[in-house]
1. How large is ³J(HN,Hα) for each residue in the stretch A:13-20, as worked out from phi by the Karplus curve 6.51 cos²θ - 1.76 cosθ + 1.60 (θ = phi - 60°), to whole Hz, x for Gly and Pro?
2. Per-residue Cβ counts within 10 Å, from other chains only, averaged over B:200-209: what number is that?
3. Can you bin the stretch A:1-98 into rounded, prolate or oblate? Criterion: square roots of the alpha carbon gyration tensor eigenvalues sorted a ≥ b ≥ c, rounded for a/c under 1.5, prolate for a/b above b/c, oblate for the rest.
4. Using alpha carbon centroids, what distance separates the stretch A:125-196 and the stretch B:335-365, in Å?
5. Using modelled backbone amide H atoms (1.01 Å from N, in-plane), which distant-in-sequence or interchain residues come within less than 5 Å of A:Q136's amide H?
6. Name the residues whose placed amide hydrogens come within less than 5 Å of the amide hydrogen of B:D176, ignoring near sequence neighbours (fewer than 5 apart) on the same chain.
7. Taking the stretch B:276-366, which trypsin sites (Lys or Arg not before Pro) meet the DSSP loop condition and have no more than 16 other C-beta atoms within 10 Å?
8. So which of B:K159/B:K236; B:K166/B:K236; B:K181/B:K311; B:K166/B:K278; A:K226/A:K250; B:K53/B:K166 end up more than 26 Å apart by C-alpha?
Amino acid sequence: MEAKQILPKMPKSWNPASKPHKFCPGCGHGLVLKALGQVIDELNIQDRVVFGCDIGCSLLSWDFFNVDTVQTHHGRTTPVIVGIKRANPELITIAYMGDGGGYAIGSQHLVNAANRNDNITAILVNNTVYAMTGGQMAPTTMPDQKTETTPYGRDIKETGYPMLGPEMVAAIAHEGAYVARGSIAKFRQLKTFIKKAIENQMAGRGFSFVEALSTCPTNWRTNAEKTWDFVENIMPQYFPIGEYKVPGGKEE
Amino acid sequence: MGSKPIEGERKVFMTGNEAVAWAALAAGADIMYGYPITPQNEIMQYWTRLGPKYNKKFLQTEDELSAGFTTIGGVLAGRRAFTATAGPGNVLMQEPMSMAEAMRIPTVVVIQQRGGPSTATVIYSQQEVTLTCFGGNGEGLRVVYSTSSHQDLFDYTIKAFNTAWKYRFPTFVLSDGYQAKMRESVVIYDPEARGIRMVPTEPFLGKAGTPGEDRPAAHLRNTYNIEEELLEVLSKDIEEYERVAPEIIEYDAYNTENADLLVIAHGVVFRSAAMAVKELANQGYKIGYFRPITLRPFPREQLRQAAQQAKQLLVVESAYGQLLKIVQDNLYGLNVPIKTLLRPGVGITPEEIAEKAKALLAGKEA
C-alpha cells in the first residue's frame, strides 16, 4: 500500500518543478511568494506577469513561478523592471527584492522610480539583515539588534536608524501611487496589499510598493517562538503595518 | 509625418552625436535610456527631438547604472533598445553590461570617450579601450567597433543593432569626444535602400501564451550554484564567441607588404595615421598602416600577417598603452620591434605621427 501523501495546495502560478523551494526553514520569503502567487491566480494574469528578482535570498525565486522571470543584480531589479515596462506597457511587471537591494545599494532606483511614478509594482521583503551573505547589518536592522557587523548591537549613534521604506516612498510618491507595509504575520492583509498594488498597476495609476515584514531565523539565530515573536510583535513597533498611500487617499 | 525617418539617402553636415541619433532612428531603434554626461549628451537631445515624430521612446534615468539596466529591460521586452555614455558613466555602465554579457542580452551602447581617469576632461581620449573591451567581472565577450569618422558612426551604429541581435553579445560603438562634437559631412540613409536588412528582434520575456501551460516559462538568471555549472555556460559562450569572431572582425590595412614601418592606430587617431602614412608612402617610404575596426573581437591573424612582414611597428594612440596591450597580446611570439607614440587624453596630428615615423625609418629613434 502506498503511503498517503498530503500535498499542500500550491498556487497555480507556482512552478511545481522548483518545489519544495530553496529558502531556509522558517524563512518568510515562501509566504510572501505564496501571497503573490495567489494574487496572480486570482487576477488571472499569469500570462502577462514579468517577475524580476534581486540578489540576496530573493534571487532564489528565479524559477519560483511559472511566469516569465529575470534575475538581476543587487539593487538593480527596479531599473530592469522599469525598462521592461517602459518598452512594453502591456506587461504586468513586478520587482522583488530584499531590504538591502531596495534601501541601500538600489535606493536611488527605488526613489526615482517612485518619483517618476513608474507604473510597476515593487515588493520588498524586510527581514532586518543581509541574509544571503551571512547576517550583516541591513538598512532595516533594529536598534540594538545584533548582526555579524554589529556584534554588540546596532548603535544608532554610529550607524543611524533603520530605514523606514514605505514612509519614505509615500512621502515622495505622487497621486496614483500605492504604498503599504504588510507582514507575513498577517498573511491575509499582506495578500490584500499585494493585490491592491498589482491592481493599481493594472489600472495604470502608477508606482506601487509593498514592504513585507519577514523572518530570518537562520541569521537571527532564533527558535520558532522567538522568530514569530520578533516578526509579529517587535518589528511592527518600529515598522508600523498599514497602508501609507492609496489613490484617492483612503488608507486602511 | 512619413513612416521612415530617412527616405533613400542624403548628404548632410552634422555632429557625430547627431549622426548616432539619426542612425538609431534609421535602424528602427524603439527606445533609448540615458543619463547626461559630456560628450554624449546630444545623442539624447537629438533622439528626444526626432523620436516622438516616429513613436520612439526615451527615459532619462537616475544614473548610468539605471540607464544600462533599463536598456537591458527594454531588450528583454523585445525592443531595439540602446544607451550612450562616456568616461565615469562608462565605468558605471560596466555593471549592467556584465549582466548583458552573462545573459547574452543584445544591448547597444555608444561610448563617446573623454579624458580619464576620473572626471578628467569632457573633451577627448582613447582611454576607455580597456574598459569597453574588458570591463566587468568577466571575459570580455562583447563586440566593440571603433569608429574614426561620422560616416563610421552612422554605419556602425546601424550595424551594432544587427550584430547584437544576430550574435547576442552586448555591442559597443566606441567613439570619442572629437567625433561626438565636431561637424563633418556624412551620408545618412535608410538601411533598406542599401540592402541592409535589420535583424528582427524578439522578446525574451512576455511572449505569447501562458507559461507552464502553453510554453515553458522563461527563467533567466546570471547566478549559478556550482563552479561546473558556470563553466558549462561560459564554455558554450566562449566557444560561440570564438566561432563567430571571424564573421564579426573588421579591419583596414594599407601598404602592409614588407613595410619598413607599420603604423597601428584605431578610432579618430587612425585618420591622422592614415594621412601621415599616405603622405610618407607618396614620398617613397615603405610604410603602411593597420587599423583594427573591431577591438573586440580583435583581427589577430590579419594583424599578425601584416606585422610579421614589417621591420618595425608603431602603435599610436591617445592613451598610455591600451591599444598597445591588445596589440602585444595578439602579436605574442613575433619578434618585430614595437615602438610607440602614446599621448593619453590628447589628440594626435598627422604631422606628429609623420615626424615620429620618419625618425624611426631613419633609424634615429630606438
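1. Calculated HN-Hα couplings, in order: 6, 6, 9, x, 5, 9, 10, x Hz.
2. What the average comes to for B:200-209 is 4.
3. Oblate shape, in that a/c is at least 1.5 and b/c is the bigger or equal ratio.
4. Cα centroid to Cα centroid, the span is 60 Å.
5. So A:Q136 has HN proximity to A:Y130, A:E148.
6. Placed amide hydrogens put B:Q113 under 5 Å from B:D176.
7. Values: sites: B:K278, B:K286, B:R300, B:R304, B:K311, B:K325, B:K339, B:K356, B:K358, B:K364; in loops: B:K286, B:K311, B:K364.
Here the sparse-neighbourhood loop sites are B:K286, B:K311, B:K364.
8. Listed pairs above 26 Å: B:K181/B:K311; B:K166/B:K278; A:K226/A:K250; B:K53/B:K166.
Bear in mind these aren't lab numbers, they're just calculated from the coordinates by the rules spelled out. It should be emphasised that the depicted structure is a prediction, and the values quoted were computed from it without experimental measurement. All Cβ positions, glycine included, derive from the backbone under ideal geometry; neighbour counts span all protein chains shown.
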